[in-house]
Amino acid sequence: MAEDMKTPLLSDSEGPADALPVCLTSPTVAILGSGDFSRSLAVRLVASGVRVVVGSRCVNRIPSGLFPDAVGLRNQEGAVSQAVCLVFMALFPEHYRSLLGLQSALAGKVLVDVSNAAEMNIHGTSNAERLAELFPDSQVVKGFNTVSTWELQTGAHDGSRQVLICSNSTEGKKKVVQLARQMGFHPVDMGGLSAARKIEAAPLRLFPSWSGPVVVTFLLFLFFYGYGFLRGILLPFLAQGHNAFYRLTLDLVNESLPAVALVTLALVYFPGLFAAWLQLWRGTKYRRFPSWLDNWLQRRKQLGLLSFLCAALHGVYSLCLPLRRITLHRTVNTAYRQVNAGAEELWDELGVWRSELYLSCGVLGLGVLSLLAITSLPSVGNTLNWREFTFVQSGLGYIALTLSIMHTLFFGWDFAFHIEAYPFYMPPSYLLAVALPCVVLLCRCVLLLPCILTRLTRIRRGWESKRNCPVLQHHHVVANEIP
Ligand code: NAP
């Protein structure tokens, strides 16, 4: 027992390094460059029990305390000579040439290129491939560029843990993968060095899958807002001098948002139906969809989330309506009119039912949409199996669409059949908004008819109609050729 107590629970500074799986002969990892990335990388490596030496052009210029005490500071040659295996190139690619003097010292070592592309869509050779050309005797591995300095320092607890890695050297890649794991990251093997250009451009991408859905949603909002402005504000003002410009900030926005939410939700389910009808018409699932349909299908999640955003905003705006001064004025004016008319009780049974029904459908629709939004989060979606995910996204999705349509129809009630609902021959915006969702729901119902659903299910399980099946046609030709 007394002997046990002499053994430290935490090993000394040499201890963790002895246990390192990376490069057992000399676990020291070198980082060339003493900038922001180098500092964060060094902090993370030291925290992971790796010995680190930083190579700088001018060691004296590094302020004391910038790097952890455990990090050795050397000139570039000194750092490279201490690292047997791995050297991180934490400098900008335009400065790689300044290291050509170290070619022989770097020979046989793994050079980790952490640089990002300077701009999107650059063609030609990647930084990593250029580095490999400059140092042909070293093994170049691309990696860690998708990790920011902040993520490097907090990686194991927060932020993205994925580290994309590629290289033509299997050995080099293995070492970097091992080190990334030791640092608490999830290395993702992206293949050979030719993937480097894509990896280098990855940090520059700005919500690539969101641009289309955001533009569509914005255009829809502009359309409904502009339409409402023309129909409810500008034309009445020009024709009757009726001033309703106060509606621009709240009323009109709240009128446009549910219309956008409804159409966007219909746009989530429309491409799936279109794809199903296309498969039925073609009699096969083995012919590719046109690229625009493919793109649309891949953006359904974003469209759904934007629809949820508009619906949620509509909910908040609607809750704010009674707080407005105009509501107070209207209530008092109605009360005055009622007193003047001698009426004691204002009760409109149908009106009450209408408002109860449309509010109830709206709240339920928003609730189901919230469920859809939550399950589209990767952390939640990953816990569902395929059937559960399909049930939520498709089954509950159509329920949300149905409830939203009912919310709109109850709101519209029978007003759509009154001539006053069409000032200047323009129908109300909710009538325009409900058209596409109704078509989507109808098409879905038709697809559920047993005769159609059976054929579609067979096609999706690999069955092909005779006119489309190349294998059957081949057999037919061969059979005809046999004398
Ligand atoms: P930085 O702060 O400007 O550091 C670059 C370092 O390069 C300098 O401190 C300098 O260190 C060294 N260097 C070596 N030769 C040089 C030369 N001829 N001229 C100028 N400097 C030279 O840049 P950084 O933010 O650390 O970025 C370094 C690399 O990491 C870049 O390729 C970048 O794309 C990549 N990266 C950065 C981040 C980030 O969040 N910052 C994230 C991912 C990837 P010495 O003076 O000590 O030699």
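The values are calculated or read from the model by the stated rules, or taken from the named source; none is laboratory data. Values in this document were obtained by computation on a predicted structure and should not be read as measured data. We place every Cβ from the backbone using ideal geometry, glycine too, and count neighbours over all the protein chains shown. Heads up: the accessible areas ignore ligands, DNA and RNA and are worked out on the full protein's heavy atoms, side chains in. Shrake-Rupley method; radii C 1.70, N 1.55, O 1.52, S 1.80 Å.
Could you tell me whether the stretch 444-463 includes any residue that is part of a helix (DSSP H, G or I), free of Cβ contacts under 8 Å to residues at least 60 places away in the same chain, on the phi < 0 side of the Ramachandran plot and open to solvent by less than 50 Å² (accessible area, probe 1.4 Å)? Looking for residues that are part of a helix (DSSP H, G or I), free of Cβ contacts under 8 Å to residues at least 60 places away in the same chain, on the phi < 0 side of the Ramachandran plot and open to solvent by less than 50 Å² (accessible area, probe 1.4 Å), one finds none in the stretch 444-463, hence no. Being of a type in the set (A, V, I, L, M) and not in a helix (DSSP H, G or I) is true for just one of 432, 359, 436, 346. Which residue is that? Matching residue, one of 432, 359, 436, 346: 346.
Of all residues in the stretch 25-35, those that are of a type in the set (Gly, Ala, Ser), more than 10 Å from the ligand (Cβ to nearest atom) and assigned to a loop (DSSP other than H, G, I, E, B) total 1.
Every test in (1) more than 24 Å from residue 175 (Cα to Cα); (2) open to solvent by 40 Å² or more (accessible area, probe 1.4 Å); (3) aliphatic (A, V, I, L, M) is passed by residue 47 save one, and that test is (1). Whenever a residue of the stretch 50-70 is among the aromatic types (Phe, Trp, Tyr), its partners that are at pLDDT 95 or above and within 10 Å of the ligand (Cβ to nearest atom), lying with C-beta atoms within less than 8 angstrom and at least six residues away or across chains, give the pairs 67/34; 67/39; 67/54; 67/73. Would you confirm whether any residue within the stretch 123-146 is under 24 Å from residue 66 (Cβ atoms), hydrophobic (A, V, I, L, M, F, W, C) and more than 16 Å from the ligand (Cβ to nearest atom)? No, that holds for no residue. Once the stretch 38-77 is narrowed to residues that are within 21 Å of residue 143 (Cβ to Cβ) and of a type in the set (Val, Ile, Thr), the residue that is nearest to the ligand (Cβ to nearest atom) is 54. Inside the stretch 64-84, residues that are under 21 Å from residue 49 (Cβ atoms), part of a strand (DSSP E or B) and open to solvent by 70 Å² or more (accessible area, probe 1.4 Å) make up a count of 1. The residues of the stretch 330-363 that are open to solvent by less than 60 Å² (accessible area, probe 1.4 Å), over 36 Å from the mean Cα position of the chain (by Cα), under 29 Å from residue 405 (Cα atoms) and of a type in the set (A, V, I, L, M, F, W, C) amount to a single one, 352. In the set (1) part of a helix (DSSP H, G or I); (2) open to solvent by 30 Å² or more (accessible area, probe 1.4 Å); (3) under 30 Å from residue 206 (Cβ atoms); (4) of a type outside the set (A, V, I, L, M), the condition left unmet by residue 38 is number (2). With respect to the stated conditions, residue 135 fails to be open to solvent by less than 50 Å² (accessible area, probe 1.4 Å) and over 19 Å from residue 108 (Cβ atoms). Where helices (runs of 4 or more DSSP H) sit wholly within the stretch 231-329, those with at least 1 residues that are open to solvent by less than 60 Å² (accessible area, probe 1.4 Å), of a type in the set (Ser, Thr, Tyr) and more than 21 Å from residue 355 (Cβ to Cβ) occupy 251-282, 300-320.
Restrict the check to the stretch 157-170 and report whether at least one residue is assigned to a loop (DSSP other than H, G, I, E, B) and modelled with pLDDT of 95 or more.
Applying the first criterion (assigned to a loop (DSSP other than H, G, I, E, B)) to the stretch 157-170 yields 157-161, 168-169.
Of the ones still in play, those that are also modelled with pLDDT of 95 or more are 168-169.
Looking through the stretch 157-170, at least one residue is assigned to a loop (DSSP other than H, G, I, E, B) and modelled with pLDDT of 95 or more.
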